[in-house]
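Each reported figure results from applying straightforward, stated rules to the coordinates on display, with no laboratory input. If you're wondering where the values come from, they're calculated on a predicted model, not measured in any experiment. Glycine gets a Cβ as well: all are built from the backbone with ideal geometry, and neighbour counts include every protein chain shown.
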Amino acid sequence: MKFQSRAGCAAVLASMLFAAPGLAQTVKVGAIVTLSGPNATLGDNMLKAMKLYMKLHANDLPPGVNIDLITRDDTGPNPDKGKQLAQELIVRDKVQLLTGMTWTPVAMAAAPLTKEAKVPMLIMNAGTSVITTMSPYIARFSFTLWQSSYPLGEWAAKHYKTAYIAVSDFGPGHDSEAAFEKGFTAGGGKIVGKVGIPLANPDFVPFMQRAKDAKPDVLFGFVPAGKQATAIIKAYGELGLGKTGIKFIGPGDIVTDEELPNMGDVPIGVTTVLHYSAAATRPANKAFIDAWHKEYGADSTPSFMSVGAWDAMDALYYVVREQKGKIDPDRTMELLKHYKNPNSPRGPISIDPETRDIVQNEYLREVRKVNGKLANVELETVGTAVKDPWKIFNNKK
Ligand code: PHB
């Protein structure tokens, strides 16, 4: 610009002005997450990541293309509410893409609508394996419980003989149970008892008592991350399971990073498998954590759900960019099927084009005190580029 003539500048300006209205394109995106009720922190952590991504990547869309993020609160794992919100977003608000999905029951309720209306859905959390098979318009950017609990079962069989299983009585709990049991028993481990815990307002004490009475080497547990994780860890501590030598293991949900400061010292030594730890030292995670602290304060910690939301936003921006804001559902799915990011905060990720499910590394972690604070320290990578094992074992697409 500096060396151009005035006439040249005017011509450039004029072309920008005239071109702009033709290019202006707003992509409407509906995000359903949990922002109220006992699980409100889950959606809050997801929404914070979405907003941070949008702020830091405001210049990564083609000129004139905008994203209008319409957020709706499902208030918890409530399929009826989830379905109603998805319907409203599609029919009334005319969203072109759906995202969020804190919960499996909500994602399952919305799945048939994505197919009927051809509205692609980018899952940011819900982790039950079967969800992606319910509609060709779904791609998942989070995890499956099979991805974490199956390798944990294999690892546990090398170190322990007996296990007791306690899981929340809904999709992800059933998946984590089946996955752990398969890995553990294939390696020679024995399951000495099992219990399902209600999803709504659980009191964990009686379930912990039953686990204690069974005297296993390890207790394998899954509950939704957030306040339930803190509650089950506290019940484990109060009943003294750790003192009697019963080790607590599970998918990383039970020691979710953002709740560690609320758990006291009880979780020290809890061993889990997950695709993400806020304490991971890879450069992409350090940059993510720095950006998060700058935006939300040094005491705020992103969760694995934040990273699911962050990565889904990256894929969403990619499909918007590639289509210059003109969203075609089938082209969107083709793009999502081949999405890759070698540099997610969790490590390299991609979408499996056959299943539309996430492919990622899984890390064995242990809760330790680092510089006076609890952290999920990554000890080893127990799986590289892990595809959903449930789909492999059951030949599902
Ligand atoms: C799910 O509903 O799929 C879900 C919820 C919370 C978790 C994991 C999975 O921590």
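Outside any helix (DSSP H, G or I) and acidic (D, E): does that describe D265?
yes
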- Query: Does at least one position in the range 229-252 carry a residue that is polar (S, T, N, Q) and within 22 Å of V359 (Cβ to Cβ)?
  - Reply: no
When the range 166-196 is checked residue by residue, the ones that are among the acidic types (D, E) and outside any loop (DSSP other than H, G, I, E, B) are D175, E177, E181
The residue that is nearest to M54 (Cα to Cα), considering only those in the range 24-42 that are without any contact (Cβ under 8 Å) to a residue 60 or more places away in the chain and surrounded by fewer than 17 Cβ atoms within 10 Å (Cβ to Cβ), is A24
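Going residue by residue through the range 289-301, is there one that turns out to be closer than 18 Å to T144 by Cα, touching a residue at least 12 places away in the same chain (Cβ under 8 Å) and under 20 Å from the mean Cα position of the chain (by Cα)?
Checking the range 289-301: not a single residue is closer than 18 Å to T144 by Cα, touching a residue at least 12 places away in the same chain (Cβ under 8 Å) and under 20 Å from the mean Cα position of the chain (by Cα).
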When (1) β-branched (V, I, T); (2) within 14 Å of the ligand (Cβ to nearest atom); (3) in contact (Cβ under 8 Å) with a residue 60 or more places away in the chain are applied to I254, the one that fails is (3)
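Residue by residue, here is whether (1) crowded, with 17+ Cβ neighbours inside 10 Å; (2) of a type in the set (F, W, Y); (3) outside any helix (DSSP H, G or I); (4) within 16 Å of the ligand (Cβ to nearest atom) holds:
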| site | (1), (2), (3), (4) |
| --- | --- |
| A200 | no, no, yes, yes |
| D203 | no, no, yes, no |
| P206 | no, no, no, no |
| F220 | yes, yes, yes, yes |
| A225 | yes, no, yes, yes |
| A229 | yes, no, no, yes |
| G237 | yes, no, no, no |
| T244 | no, no, yes, no |
Of A157, A179, the only residue that is aliphatic (A, V, I, L, M), more than 18 Å from I392 (Cα to Cα) and touching a Phe, Trp or Tyr at 6+ places or on another chain (Cβ under 6 Å) is A157
For helices (runs of 4 or more DSSP H) lying entirely in the range 280-366, having 3 or more residues that are within 16 Å of the ligand (Cβ to nearest atom) picks out 304-322
Per the filter on the range 204-246, residues over 25 Å from G127 (Cα atoms) and of a type in the set (D, E, K, R) are R210, K212, D213, K215, D217, E238, K243
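Conditions tested, residue by residue: (1) closer than 24 Å to D68 by Cβ; (2) surrounded by fewer than 18 Cβ atoms within 10 Å (Cβ to Cβ); (3) not charged (D, E, K, R).
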{"position": "T281", "(1), (2), (3)": "no, yes, yes"}
{"position": "N285", "(1), (2), (3)": "no, no, yes"}
{"position": "E322", "(1), (2), (3)": "yes, yes, no"}
{"position": "G325", "(1), (2), (3)": "yes, no, yes"}
{"position": "E354", "(1), (2), (3)": "no, yes, no"}
{"position": "L379", "(1), (2), (3)": "no, yes, yes"}
{"position": "G383", "(1), (2), (3)": "no, no, yes"}
